[in-house]
Amino acid sequence: GQSLEQPSEVTAVEGAIVQINCTYQTSGFYGLSWYQQHDGGAPTFLSYNALDGLEETGRFSSFLSRSDSYGYLLLQELQMKDSASYFCGGNTDKLIFGTGTRLQVFP
Amino acid sequence: NAGVTQTPKFQVLKTGQSMTLQCAQDMNHNSMYWYRQDPGMGLRLIYYSASEGTTDKGEVPNGYNVSRLNKREFSLRLESAAPSQTSVYFCASSAHRDRAYEQYFGPGTRLTVT
């Protein structure tokens, strides 16, 4: 089957850097996406890695290594508003989401 | 431009009742998806429609049916609701199947089955 595993929770302080990992057990994914979801809200798209390596979008960066079946989302200069759940997703003609990581940012 | 809209926002059903969740998008997207999210859990794909006229099962299709009414609308039907179907249901769309990695989500329908 297809599965993507993430740590359940990560905590950090404002201004810090945090990395959220995603490991997957499948073949056939075209790439890895990342989504953010605030409590009570809908998921919103953050980034996508179609190729191995690092993609940077402002304070957020995402990394993929296909040979290691591994990716991560890196959040820099953390702000309180970054407190949310983050999901990785592997895509074909659909998206299979990971288990999700709840990030808590403290002042 | 409303994006993806879902109705209703909240619903309470009794076991055995049926209902249809409605979803519409105004972005001229080809692909649409239905997910459920249980408390503290990830999103699980129920059904999807890669293009108008096609539907396919996702990870958890049992107990649900879908209809891709036209390019804009994709509905999800619970024929005989069960307490295990208590969840938040999200509809999403993407420009086409090759861009399934970038989906736009509706606000969700919070369903309780008693």
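For chain B, what relative contact order do you get, as a whole percent, if you take Cα pairs closer than 8 Å and at least 6 residues apart?
36 percent
I need A:65, A:47, A:33 ordered by Cβ neighbour count within 10 Å, fewest first.
Final ranking by Cβ density, sparse to dense: A:65, A:47, A:33.
Using a 7 Å offset from the Cα along the Cα-to-Cβ direction at both residue A:21 and residue B:84, what is the distance between the two label points in nm, to one decimal?
3.3 nm
Using 0.36 nm per residue, how much length does the chain from residue B:7 to residue B:27 gain when fully extended, once their Cα-Cα distance is taken away?
5.4 nm
Which of the aspartates and glutamates could a cross-linker bridge to residue B:14, judged by Cα under 16 Å and excluding same-chain residues fewer than eight apart?
Here the aspartates and glutamates satisfying the reach criterion relative to residue B:14 are B:79.
Quick one: the Cα spread of the protein assembly as shown along its three principal axes, in angstroms, biggest first?
The principal-axis extents, from largest down, are 49, 37, 35 Å.
State the extension gain, in nm to one decimal, for the chain segment bounded by residue B:98 and residue B:19, taking 0.36 nm per residue of separation less the distance between their alpha-carbons.
Additional length available on full extension: 25.3 nm.
Which of A:45, A:60, A:29 moves the most in a Gaussian network model of chain A with Cα springs under 10 Å?
Looking only at A:45, A:60, A:29, the largest GNM fluctuation is found for A:45.
When only alpha-carbon atoms count, how far does region A:1-103 stretch along each of its three principal axes, as whole angstroms with the largest first?
Extents along the principal axes, in whole Å: 37, 28, 19.
Give the average, rounded to an integer, of partner chain Cβ atoms located within 10 angstrom of each Cβ in B:101-109.
That average works out to 6.
Lysines near residue A:81 by alpha-carbon distance under 26 Å, same-chain residues fewer than 8 away left out - which ones?
Within the straight-line limit of under 26 Å, residue A:81 reaches these lysines: B:9.
Would you mind giving the mean number of other chain beta-carbons within 10 Å of the Cβ of each residue in B:31-43, as a whole number?
For this peptide, the per-residue mean of nearby foreign Cβ atoms is 4.
Give a quick list of trypsin sites (Lys or Arg not before Pro) in region B:61-98 that DSSP marks as loop, anything other than H, G, I, E or B, with at most 12 other Cβ atoms within 10 Å. Can you show the working numbers first?
Values: sites: B:68, B:71, B:72, B:77, B:97; in loops: B:71, B:72.
Taking region B:61-98 and a limit of 12 other Cβ atoms within 10 Å, no loop trypsin sites (Lys or Arg not before Pro) are found.
How big is chain B in terms of Cα radius of gyration and Dmax, in angstroms?
Spelled out, the Cα radius of gyration and Dmax of chain B are 13.1, 39 Å.
What is the fewest-to-most order of A:38, B:29 by other Cβ atoms lying within 10 Å of their Cβ?
Listed from fewest to most nearby Cβ atoms, that is A:38, B:29.
By counting other Cβ atoms within 10 Å of each Cβ, how are B:14, B:57 ranked from fewest to most?
Least to most surrounded, the residues fall as B:14, B:57.
A short reminder: the numbers here are calculations on the coordinates, not readings from a lab. The structure displayed is predicted, hence computed values, not measured ones. Note that each Cβ is placed from the backbone with ideal geometry, even for glycine, and that neighbours are counted across all protein chains shown.
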